[in-house]
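First comes the structure, then the notes that go with it.
None of the figures in this text is laboratory data; all of them are computed from the coordinates on show. The structure presented is a predicted model; accordingly, all values stated were derived computationally and were not measured. In this analysis, Cβ positions are derived from the backbone assuming ideal geometry, glycine residues included, and neighbour counts consider all displayed protein chains.
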Amino acid sequence: MPEGHVLHRAARLQGKRFTGHVVNVASPQGRFRGGAERLNGQQLDDIEAKGKHLFYRFDSGDELHIHLGLFGKFRVQKLPFPEPSPNCRVLMDTETDRLHLAGPNQCEVLEPWEAEAVRNRLGPDPIQNRPDGYEDFLERLSRRSITIGKAIMVQDVISGIGNIYRSELLFQIGLSPWTRAKDVHPETVKQLWEQSVLELKAGEKIGKIITTNPSEFGVEKRKDLGRWDRLYVYKRHGRPCRRCETEILAADCDGRNAWWCPSCQPD
DNA sequence: GTGTCATGCGTAT
DNA sequence: TACGCCTGACACG
């Protein structure tokens with residue numbers, strides 16, 4: 001169940017094992033017909049993540065486009081390979097390593113221009129953190145007459161943020177999810193962008209979403225935080241705010257729950 | 001065993 | 001706003 005940090009981490013870790021190798025590609029589940037055969041025997045040149053999307057570039061120019069959706073899961077395996085699960089959509093093998101993918105929302109082979117179109121549609125990615133990232137975000141945001149809580153989940157506005165980061169980032173910068181996107185001051189938008197860069201990069205590094213500060217809990221490292229001490233507001237409705245003790249609220253925001261502190265994040 | 005929920009997203013109404 | 005799609009973990013009987 002991935003937000004952007006998971007895909008960047010996957011690209012980085014899989015890259016170490018698979019790029020530069022000629023790979024065997026198969027689909028035990030059989031729902032990647034035409035794709036597996038087309039990629040089989042090609043060399044994998046590069047893996048790129050943007051937002052929640054992954055692009056595997058092969059030497060013919062073909063790009064394997066994967067979006068995990070809510071359920072998709074990668075497993076990287078080493079010899080001796082275990083039996084693939086029946087719902088395995090893609091198996092990609094080198095001589096020594098195997099990538100096992102199950103349950104993706106999207107899994108398709110694209111021409112380079114098609115893959116480029118997917119990437120161009122997406123808003124700036126905080127983990128890529130390109131120089132024009134903030135301006136691009138601000139510009140895409142200012143066109144939306146929706147709340148900021150909705151807007152940062154729209155992948156065309158900013159890519160990679162999911163439901164956990166939405167609530168956590170807005171709490172961290174003290175912005176109510178119910179503020180209209182157009183009304184957010186550019187300085188606050190900048191803060192939101194910079195906080196996104198910080199948190200998503202941290203998430204990519206450790207492979208977990210942890211937004212709280214360990215020192216607030218009397219421990220040194222994030223990994224020493226208890227399971228329930230890692231987030232400020234996500235799924236903490238009815239519990240006291242970690243900063244001010246006010247009761248955390250939850251409400252549907254664009255079809256999914258958002259959590260916020262009404263005192264730290266006033267409307 | 002069955003039911004519910006989840007870090008997502010596209011399409012129809 | 002509702003539903004379909006993809007799967008696994010967990011709570012409950």
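Before moving on, here are some points about what is shown:
- Distant-in-sequence amide H partners of A:GLU247 (H built 1.01 Å from N, under 5 Å): A:CYS241
- Taking N as the residue count of the range A:4-121, its C-alpha radius of gyration divided by 2.2 N^0.38 Å amounts to 0.96.
- Helical content of chain A, expressed as a calculated mean residue ellipticity at 222 nm, amounts to -8500 deg cm²/dmol (DSSP H runs of 4 or more residues, -39,500 (n - 2.57) each, divided by residue number, nearest 500).
- Between the amide H of A:THR147 and those of A:ALA181, distances stay under 5 Å, these residues lying 5 or more places away or on another chain, with hydrogens modeled in the peptide plane.
- Sequence-ordered 3J(HN,Hα) estimates for the range A:74-84 from the Karplus curve with 6.51, -1.76 and 1.60 and θ = phi - 60° stand at 9, 10, 9, 10, 10, 4, x, 5, x, 4, x Hz, glycine and proline given as x.
- Taking only Cα atoms of the range A:107-207, radius of gyration then Dmax in Å: 13.8, 43
- Chymotrypsin sites (Phe, Trp or Tyr not before Pro) within the range A:38-135, DSSP loop, no more than 14 other Cβ atoms inside 10 Å: A:PHE71
- Taking a ≥ b ≥ c as the square roots of the Cα gyration tensor eigenvalues, the range A:204-266 comes out oblate, since a/c reaches at least 1.5 and a/b does not exceed b/c.
- Selection among A:ASN24, A:PRO104, A:TYR234 by position relative to the dipole of chain A gives A:TYR234 as farthest towards the positive end (Cβ unit charges, Cα centre).
- Considered as an equivalent ellipsoid built on the Cα gyration tensor, the range A:133-260 has semi-axes of 25, 17, 12 Å, the largest given first.
- Remark: the range A:219-228, residue by residue, has Karplus-estimated 3J(HN,Hα) of 10, 8, 10, 4, 5, 8, 5, x, 3, 9 Hz, where x stands for each Gly or Pro and the curve is 6.51 cos²θ - 1.76 cosθ + 1.60 at θ = phi - 60°.
- When only the Cβ of Lys, Arg, Asp and Glu is charged (+1, +1, -1, -1), the dipole of the range A:4-121 relative to its Cα centre reaches about 620 debye.
- Extension gain for A:GLN106-A:LEU13 works out to 31.4 nm (0.36 nm per residue, less the C-alpha to C-alpha distance).
- Per DSSP, loop trypsin sites (Lys or Arg not before Pro) in the range A:1-69 with at most 14 further Cβ within 10 Å: A:ARG31, A:ARG33
- Computed over chain A, the alpha-carbon pair-distance distribution with 5 angstrom bins reads 1, 6, 12, 15, 16, 14, 12, 10, 7, 5, 2, 0, each value a whole percent.
- Exposed loop positions in chain A were taken to be GluC sites (Glu not before Pro) whose DSSP state is not H, G, I, E or B and which have at most 14 other beta-carbon atoms within 10 angstrom. Between these positions, the longest stretch is A:96-219.
- Sparse-neighbour loop sites [trypsin sites (Lys or Arg not before Pro); the range A:91-178; at most 15 other C-beta within 10 Å; DSSP]: A:ARG143
- The equivalent ellipsoid of the range A:125-179 has semi-axes of 17, 14, 10 Å, largest first, where each one is the square root of 5 times an eigenvalue of the Cα gyration tensor.
- In this structure, the residue pairs whose Cα-Cα separation is over 25 Å, taken from A:LYS190/A:LYS223; A:LYS205/A:LYS235; A:LYS150/A:LYS235; A:LYS50/A:LYS205, are A:LYS190/A:LYS223.
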